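To keep things clear, I will list the structure first and then write my remarks on it.
The values are calculated or read from the model by the stated rules, or taken from the named source; none is laboratory data. Quick caveat, the model's predicted, so the values are computed rather than measured. Because the Cβ atoms are built from the backbone with ideal geometry, glycine has one as well, and the counts that use them run over all protein chains shown. Accessible surface areas use protein heavy atoms only, side chains included; no ligands, DNA or RNA. Shrake-Rupley method; radii C 1.70, N 1.55, O 1.52, S 1.80 Å.
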Amino acid sequence: MITCPYCFARVAENRIMFRCSGGRGGCEARADEVLGRHRGGVPPALPPVFSVRRPGRRASCPECGRETSRRACPECHSRLAAEYCANPGKIVALVGAKGSGKSTYIAVLLHELMNRVGAELDASLTPCDDRTIERYRQEFARPLYGEHSLLRATQSAVTDLNRDPLVYLLTRTIRGRLRTRAESLTLVLFDTAGEDLRSRDVSELHLRYLRAADAVIFLVDPLELPGARAALNGTALARSGGLDDDPDSDPLNVITRVTELLRQSRGPLTVPVAVALSKIDALRPSLARQSALHRARVPSGALDLDDREAVHEQVLALLEEWQAGVVGRYLRQNYTDHALFGLSALGAVPEVESVGTGGIRPYRVEDPLLWLLYRFKMLDGVRG
């Protein structure tokens, strides 16, 4: 079985369809009503899709006879990359309250995986489709890294119907004593707006997205926790509290809604959940000198389990100190496998509309993903 990374339907491999390559001698383009309904817009004009009895790497179109390697999901007709079908891997869902910095986190995390962290892990990160390439370049990389502008807030899927997820294949070379093997993780990032989790218009899409996930990363903006504001000053204090009257900014509300969508039976959920305090840079000056959140992660190509536990306990203590300890208790009651993190995508409080003068200096943005790689047995854990 393969999970389509666009409509999140579970598809048996023998049901995968193909799309005619078209062009000279091929089928003419025609309106694809199925893909149009999925995207919520005008049906695009594309060569037709067709099914075969035993899907392989290539198939011949029954209308024109031309061979094609373009695979398609039978439910939504989105293109399925050959690399994705061969290595379906794991799907990681990213969810965050309104204003938690999801778009910035995505941009910086992907940049780090393509560069510094990718080199450390001997891993490659490759986009699975042209829409991912274009969307990352236009909406994330160009404004943030090219123009040093802050990214716009995630629009609701109700108003932004053409927003596709970013789909990447993270492949890591793992060298063992007896053999070397490649392990893959499918990273499907669908930056969910807070209001989408309670919108009837898009709840079915989010339900499929979340239930297809092998893990969930929650982003929590600590600047919106009233108990943390006593530790803020200057620009950070001025930027906090703007969403006090918005229930979509409450991290517990978001986590509770997602838990309700995920739950299909009684008892704690087994899906691994990472809950990360974003924008932790604004609070680090107020932390004790010995705090684990003052330490940068030491690159080693493995997960430092001592460091991981120290950060978890520090974040748990901070939530209690900020009168938000209910978040930790709720996670413990509803998830068998969860971990807490503190990170900063930018590394410093930004200006009104641009990155701070020091540039982009990410702090521990990769920590949640490294923990998940460890849980998926794609990364070793070490102590001492």
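Using packing as a proxy for protection, rank 104-116, 308-320 so that the peptide with the highest average count of other Cβ atoms within 10 Å comes first. List each step's numbers first, then the result.
Working: 104-116: 21.3, 308-320: 18.9.
For the peptides 104-116, 308-320, the packing ranking is 104-116, 308-320.
Which shape class applies to the stretch 306-377: rounded if a/c is under 1.5, otherwise prolate when a/b exceeds b/c and oblate if not, where a ≥ b ≥ c are the square roots of the Cα gyration tensor eigenvalues?
oblate
What is the set of long-range amide H partners of LEU269 at a cut-off below 5 Å, with H atoms built 1.01 Å from backbone N?
TYR335, THR336
Order of 173-183, 326-336, 123-133 by packing, highest average Cβ count within 10 Å first? Show your work: numbers first, answer last.
On the way: 173-183: 9.6, 326-336: 15.9, 123-133: 18.0.
Ranking, from highest mean packing down: 123-133, 326-336, 173-183.
Per residue, how much accessible area does the chain show when a 1.4 Å probe rolls over the protein heavy atoms, in square angstrom? Spell out each step's value before the answer.
Numbers: 18090 Å² over 384 residues.
Here the per-residue accessible area is 47 Å².
Between the stretch 298-363 and the stretch 56-70, what is the C-alpha centre distance in whole Å?
Here the two parts' Cα centres lie 49 Å apart.
From the helices alone, meaning DSSP H stretches of at least four residues, give me the mean residue ellipticity at 222 nm for the chain, per-run term -39500 (n - 2.57), in deg cm²/dmol to the nearest 500. Intermediate results must be reported in sequence, preceding the final value.
Values: 11 runs with 101 residues, N = 384.
About -7500 deg cm²/dmol.
Please compute the modelled spin-label separation between THR180 and GLU309, points set 7 Å along Cα→Cβ, answer in nm with one decimal.
3.4
Going by the alpha-carbon gyration tensor, a ≥ b ≥ c the square roots of its eigenvalues, is the chain rounded (a/c under 1.5) or, if a/c is not under 1.5, prolate (a/b greater than b/c) versus oblate?
Values: a/c = 1.87, a/b = 1.61, b/c = 1.16.
Prolate, since a/c reaches 1.5 and a/b exceeds b/c.
Apply the a/c threshold of 1.5 to the C-alpha gyration tensor of the stretch 45-143 and tell me whether it is rounded, prolate or oblate.
Here the stretch 45-143 falls in the prolate category.
Most fluctuating residue of ALA72, ALA292, ALA29 in a GNM of the chain with Cα springs under 10 Å: which is it?
Fluctuation is largest for ALA29.
Each residue of the stretch 281-293 in turn: what ³J(HN,Hα) in whole Hz from Karplus with 6.51, -1.76, 1.60 and θ = phi - 60°, glycine and Pro shown as x?
Going residue by residue, I get 4, 5, 10, 4, x, 8, 7, 4, 4, 8, 4, 5, 7 Hz, with x marking Gly and Pro.
Keeping all protein chains in the complex and leaving out DNA, RNA and ligands, what accessible area do you get for LEU169 with a 1.4 Å probe, in Å² to the nearest 10?
Rounded to the nearest 10, that gives 10 Å².
Where a Cα-Cα gap under 22 Å defines reach, which lysines qualify for LYS377, not counting those fewer than 8 residues away within the same chain?
LYS90
Which of LEU219, LEU373, LEU346 moves the most in a Gaussian network model of the chain with Cα springs under 10 Å?
Of LEU219, LEU373, LEU346, the most mobile in the Gaussian network model is LEU373.
Given a Förster distance of 30 Å, report the FRET efficiency between ARG54 and ARG10 from their Cβ-Cβ distance, rounded to the nearest 0.05. Before the final figure, lay out the partial values.
Working: r = 20 Å, r/R0 = 0.65.
The computed FRET efficiency comes out at 0.95.
I need the peptides 361-368, 139-146 ranked by packing, meaning the mean over residues of other C-beta atoms within 10 angstrom, with the highest value on top. Write down the numbers at each step before the final one.
Details: 361-368: 21.1, 139-146: 16.4.
Descending packing order for the listed peptides: 361-368, 139-146.
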